[in-house]
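Peer 1: One structure, as structure tokens, below. Some questions next.
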Amino acid sequence: MNDFITWKYYLSILVALAFTCCSSASETTNSDKQNDTIADTVTAALPSLVTPQQPQFVDTVYSAKMKRGIACTVTVPQSYLTTGDTTKFPVVYLLHGYGDTNKSWPEKYDLKTAATKYGIIIVCPDGQNSWYLDSPIDPTMQFETFIAQELVSHIDSCYRTRANLTSRAITGLSMGGHGALYLAFRHPEVFGSCGSMSGGVDITKFPDRWLIHKRLGRYNQSQKVWAQHSVINHVDRIKPGQLNIIVDDGRQDFFYEVNMALHKKLNAKGIDHTFAIRPGAHTWTYWRESLPIHLNFFHKAFTGTPIPPTTSIPTDTPKSKSAPNDTIK
């Protein structure tokens, strides 16, 4: 009788453990531009390796802090799908801009080819106009915690990653450029490399734009809070040599001045970085040209290739810039 009870006890433990593993279910959808097939995958919070059936799919990751799931498009190298392959890969977290979603980068750029070319996993979370902050006034918008802690933990637990900061990078465009640097500067123990494309790196200069007041309160009532959540005011948190940093912007971009100010502040603090101003405005044409530059930069960091700091700024005066508005990504 005791043996029978013991057997039932261990069986109950095994059943309970089975239900804690990550589970997935997929639903096929089509991309508007590239006719990509993307499967929606819902994954539980506790670790178990995900075995993708295709190189790009949506993994809905649960946030304990926000008490809801966040859609994240995951793109893996083609070799990840090979039966018996045990390779572990670096991860690039790629953030979208204001008004976009986790599907915007996959629809605008061939991430599947990029993931295979560079041997990386690319993760695009749905940032939901959060500015990738932990909002002090909206408990449903806690994206600093989600990305820097919950999402990174999930990806490292459920995928074959090289789970260390030297194999982890984050970059993005516009709102996502701000978010990538903000998260990396505040969490250099998580991200070893970071970048920004046309990033809004000083939000205090744009107090009436892009619903930022819904995350931080009205600027005239919360100026200190806005300053505390601006990338440019977190340069002092990082040490020389602590992060591999790449920042670029277009000459015709309305974020040109704030990016130049960030570049000067990094230099003043002795923080090496790669900085470039190129022809271009706040458009997908510019970002499609910028992303491979960032991925190549991260590839060097992942492989241990030395990256000397470089600066490229045109000597001519910037042309007139389009005015920002709430429809600009």
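Taken together, the values in this text are just the output of simple stated rules run on the coordinates, not laboratory data. These figures come from a predicted structure and were not determined experimentally. Glycine gets a Cβ as well: all are built from the backbone with ideal geometry, and neighbour counts include every protein chain shown.
Peer 1: Determine the gain in length on full extension of the stretch Glu289-Val235; use 0.36 nm per residue of separation and subtract their C-alpha separation, reporting nm with one decimal.
Peer 2: So the chain would gain 16.8 nm between Glu289 and Val235.
Peer 1: Right, something else. Give the calculated FRET efficiency between Glu189 and Lys65 to the nearest 0.05, with a Förster radius of 22 Å applied to their Cβ-Cβ distance.
Peer 2: 0.75
Peer 1: Any chance you could list the semi-axes, whole Å, largest first, of the equivalent ellipsoid that the Cα gyration tensor gives for segment 25-312, using √(5λ)?
Peer 2: 28, 22, 18
Peer 1: Okay, next question. Can you find, among Thr285, Ile238, His263, the residue farthest towards the positive end of the dipole of segment 232-289? Put +1 on the C-beta of Lys and Arg, -1 on that of Asp and Glu.
Peer 2: Sorting the options by dipole projection puts first Ile238.
Peer 1: Kirkwood-based Rg over Rh for segment 158-208 (C-alpha set), two decimals?
Peer 2: That ratio equals 1.09.
Peer 1: Of the options Thr75, Met175, Thr101, report the single residue whose Cα projects farthest towards the positive end of the charge dipole of segment 25-312 (beta-carbon charges: Lys, Arg +1; Asp, Glu -1).
Peer 2: Met175
Peer 1: Could you work out the relative contact order of segment 198-308, using alpha carbon pairs under 8 angstrom and six or more residues apart, expressed as a whole percent?
Peer 2: It comes to 27 percent, rounded to a whole number.
Peer 1: Moving on. Express in whole angstrom the spacing between the alpha-carbon centres of segment 180-198 and segment 93-107.
Peer 2: 17 Å
Peer 1: Determine the alpha carbon to alpha carbon distance for each of Lys205/Lys264; Lys88/Lys112; Lys65/Lys112; Lys224/Lys264; Lys214/Lys264; Lys103/Lys300 and list only those over 19 Å. Please report the intermediate quantities before stating the final value.
Peer 2: Working: Lys205/Lys264 17 Å; Lys88/Lys112 17 Å; Lys65/Lys112 31 Å; Lys224/Lys264 22 Å; Lys214/Lys264 30 Å; Lys103/Lys300 27 Å.
In this structure, Lys65/Lys112; Lys224/Lys264; Lys214/Lys264; Lys103/Lys300 lie more than 19 Å apart at Cα.
Peer 1: With an 8 Å cut-off on Cα pairs and a minimum separation of 6 or more residues, tell me the relative contact order of segment 25-312 in percent.
Peer 2: Details: 609 pairs, mean separation 41.0, N = 288.
Relative contact order of segment 25-312: 14 percent.
Peer 1: Relative contact order (percent) for segment 107-265, with alpha-carbon contacts under 8 angstrom and 6 or more residues of separation?
Peer 2: Relative contact order, segment 107-265: 21 percent.
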